[in-house]
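What follows is one structure encoded as structure tokens, with my remarks underneath.
The values are calculated or read from the model by the stated rules, or taken from the named source; none is laboratory data. Keep in mind it's a predicted model, so treat the numbers as computed, not measured. Please note: Cβ atoms are built from the backbone with ideal geometry, for glycine as well, and neighbour counts cover all protein chains shown. Remember, those area values only see protein heavy atoms, side chains included, never the ligands or the DNA or RNA. Shrake-Rupley method; radii C 1.70, N 1.55, O 1.52, S 1.80 Å.
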Amino acid sequence: MRRLFLLLLTTICQYVAAADTLQLSLPDAIAMARRQSLDAAVARNSLLAAYWEYRAYRADMLPELSLVGTLPQFNQSYSAYQQADGTYKYVRNETTSLASALNIKQNIWLTGGRLSLTSSLDYIHDTNNRNFMSVPLSLTLEQPLFGVNHHKWHRRIEPVKYNEAKAAFISATEEVTMKTIQYFFDLLLANENVNIARQNKENAQRLYDIARERRRMGHVSESDVMQLKLSLLKAEATLARAESSKNSSLFRLRAFLDMPDSADLQVVSPPQQVLTGTPQLAYVDVLDKALTRNSFVQSIRRSQLEADYAVAQARGNLRDISLNVTMGWSGIANDRLQNAYRDLRDNAIVRVGVAIPLLDWGKRRGTLRMAESNRKVTESRLRQQQQAFNQNIFLLVENFNNQRRQLSIAVEADSIARRRYQTSIETFVMGKINTLDLNDAQIRKDEARQQYINETYLFWHYYYQLRSLTLWDFSTNNSIDADFEAIICEKP
């Protein structure tokens, strides 16, 4: 009865432990990493930073309404006053003043200038008088005549930067997937190594027990028994190392997925039919998708524009001529507020500012030449990067197309090696092979299984690396996009 109770208790504990273990497939791990990993959070925050930078640029192109005022200002002080004979004396100031202005400003991207519309009212009350001054309407134009048009360049650069950030976000999401694959297969290989080591230990124990019986019967030598004893000790040490490596791999995967340390994961190997379900890829097609969608292309465009912008700035700094025109009406009154809006008079200011260096020892010309040289360096560097990018695409396509064959070979080799090892055990028990042949069969079995796991990892690694570069899902033949509005509006 006691043995039955212990057996029942053991069964229940095993069932509870199995229920607490999370069976994690590769697609589940990828979805979890994209949703809650720290790398995914970094990618989202980078996208948000780029979005708000783009919003700030868009807002800079829209009218800006502002209210400026002093409500009120009290002044009770002494100040120096020069009299008619040239002497000074201190006079007492006792004033109350109010000032307000309503401004509307609009940047003009076509010309690089700025247009302002202002309405203001000032009021000063001293000991004996009240004074009002109104400017019902004042129109001001600030226009650089020969300088660089910053608004025009920002209008060209900022959308490219934001598109680059959006493409970089999708690429970063795919890179999260690639990291997930690495940690997933590290744990899968570690689990497989533990299983291999445990099975090898059990087999080594079994063979050692058989050898001791056969030694008592005089069928094997003492040397063979000692060799099997050493194999058993080696198998126990290998199992301990494999379990330690498994715990390390499990910790890394849990940390990457931002899961609690107490979570017990059991990774599930991807089905073989899924591995071979993707089509062969053509380099020209993959390169065309990469050049159309990858953030690298946007980065090249942005770098070219920024280099041209730097040259335009250096050329604009050779001379500075600006036009400032203010036109409007103003009125004054010293009794009532409404009188300040009667009998309005013209209020016009025209100013042309000039700043032309007469002697700067070639500093501005040197700055221009430096900007032009930097643009040429940028163009050469971008051509190098383009060449390396194309070469990387070519090698990835070749590796991916070749990997299917490598994986097929690894599957067959794993099956053959396991059958050979099982046959070697049976043959050794019959006494037809020695321990060296048995050890060789075991080594080949372990290597074949590890090679299969590694080839599986490489298949998924190459596949998602191509997805990351092209932003294209080749299994469904559809583009990889993201709902940026939902991501931006998502609460942290």
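Can you give the longest run of the chain that contains no trypsin sites (Lys or Arg not before Pro) sitting in a DSSP loop with at most 11 other Cβ atoms inside 10 Å? Value returned for the longest uninterrupted segment is 1-335. In a fully extended conformation the segment linking residue 70 and residue 327 would gain 90.1 nm over its present Cα-Cα distance, using 0.36 nm per residue. Near residue 147, the amide H atoms lying under 5 Å from its own belong to 321; only residues 5 or more places off or on other chains count, and H is placed 1.01 Å from N. A straight line joining the Cα centroids of the range 467-492 and the range 184-213 runs 43 Å.
In the range 432-492, the C-alpha radius of gyration followed by the widest Cα-Cα span (Dmax) gives 22.4, 72 angstrom. Hydrodynamic radius of the range 112-177 by the Kirkwood approach over all distinct alpha-carbon pairs: 17.1 Å. When the Cα convex hull of the range 391-492 is projected onto planes of every orientation, the mean area is 11.0 nm².
Computed from the C-alpha gyration tensor, the three semi-axes of the ellipsoid equivalent to the range 276-388 are 56, 28, 7 Å, from longest to shortest. The GluC sites (Glu not before Pro) of the range 393-492 that DSSP puts in a loop, and whose beta carbon has at most 16 other beta carbons within 10 Å, are 490. Among the protein heavy atoms of the range 393-481, carbon and sulfur supply 48% of the accessible surface, probe 1.4 Å, non-protein parts ignored.
As an equivalent ellipsoid, the chain spans semi-axes of 81, 30, 20 angstrom, where each value is the square root of five times an eigenvalue of the C-alpha gyration tensor, largest first. Based on protein heavy atoms only, the chain ends up with 61 Å² per residue of surface accessible to a 1.4 Å probe. Between helix 2-20 and the chain there is an angle of about 30 degrees, using the helix long axis and the longest principal axis of the Cα atoms.
Report the full-extension gain for the segment residue 418 to residue 85: residue separation times 0.36 nm, less the Cα-Cα distance, to one decimal in nm.
Numbers: separation 333, 0.36 × 333 = 119.88 nm, distance 11.71 nm.
Going from the current span to full extension adds 108.2 nm.
Centre-to-centre separation between the Cα atoms of the range 293-335 and those of the range 371-449: 56 Å. Roughly what angle does helix 222-256 make with the longest principal axis of the chain, taking Cα atoms, 0 to 90 degrees, to the nearest 10? For 222-256 against the chain, the angle is about 20 degrees.
Both radii are taken from the alpha-carbon atoms of the range 162-295; with Rh as the Kirkwood radius, Rg/Rh is 1.25. Cα axis of helix 150-216 to longest principal axis of the chain: angle in degrees, 0 to 90, nearest 10? With rounding to tens, the tilt is 20 degrees.
Rounded, prolate or oblate for the range 7-154? Axes are the square roots of the Cα gyration tensor eigenvalues, ordered a ≥ b ≥ c, and the cut-off for rounded is a/c under 1.5. Note, shape of the range 7-154 comes out prolate. Taken over the range 313-439, the percentage of Cα pairs per 5 Å bin, counting from 0 up to the bin with the maximum distance, is 2, 7, 7, 6, 5, 5, 5, 5, 5, 5, 5, 5, 4, 4, 4, 4, 4, 3, 3, 3, 2, 2, 2, 1, 1, 0. Annotation: amide H of residue 25 within the under-5 Å range of 268, sequence separation 5 or more or interchain, hydrogens built in the peptide plane. The label point for residue 152 and the one for residue 308, both projected 7 Å from the Cα toward the Cβ, are 1.1 nm apart.
Note on residue 337 and residue 229: their simple-model spin labels are 10.9 nm apart, each label 7 Å out from Cα toward Cβ.
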